[in-house]
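The values are calculated or read from the model by the stated rules, or taken from the named source; none is laboratory data. Everything numeric here is computed off the predicted structure, so don't read it as measured data. The area values use the complete protein model at the heavy-atom level, side chains included, leaving out ligands, DNA and RNA. Shrake-Rupley method; radii C 1.70, N 1.55, O 1.52, S 1.80 Å.
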Amino acid sequence: MHLDPLAILTAFGLIFLAELPDKTMFASLAMGTRMRPLYVWIGTSTAFLAHVAIAVGAGSLLGLLPGWSVKLVSALLFGFGAFMLLRSGGDDDEADEGGKTVTGFLPVFSTAFMAVFISEWGDLTQITTANLAATNGTWSTAIGSLAALMSVSALALVAGRFIAKRVPLKTVQRIGGVCMAGLATWSLTEVFTG
């Protein structure tokens, strides 16, 4: 196994910049306001690890998957997330119930893993990772890409906690719900335009 520091840095830089404005970052931010951030990060990181492994291991096969079906499932998941956030952020009488943080490891891990695993399938960062692996080496690309994806998720979760401490939870939930609804609409639009 040969590691090329320049290939690692190249993969990190490209993937970090590509993922920074991506829908997964906003989904992580929204999940981090309602769930334990460490558990969310473990779930998102595990999903990213799976995607990097898939990208470097079978990059040429990714183009064969029907992109519209992946985008449709992603839109449905974001729509469900929007529904859950907006529903729990609506009533003032439910302040105690709606403000609870989801704390169980398995429910948080599963939610974060599935949200990222499905929405990132065939994403630009996965395709970029596959392309970089073909030219810059498998292990170097995998390390750089995974570090970038995990860093963006951590950054989103830190921002989510910072916001949650300064803004009322109901406001954060409503904004998060609107963002998730926007991401659902965006993903659904990609089904018909992509």
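Values for this structure:
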read-out	value
20 °C / 1.002 mPa s Stokes-Einstein diffusion coefficient of the stretch 104-194, Kirkwood radius on C-alpha pairs, µm²/s	137
Accessible-area composition of the stretch 117-177, carbon plus sulfur, in percent [1.4 Å probe]	71
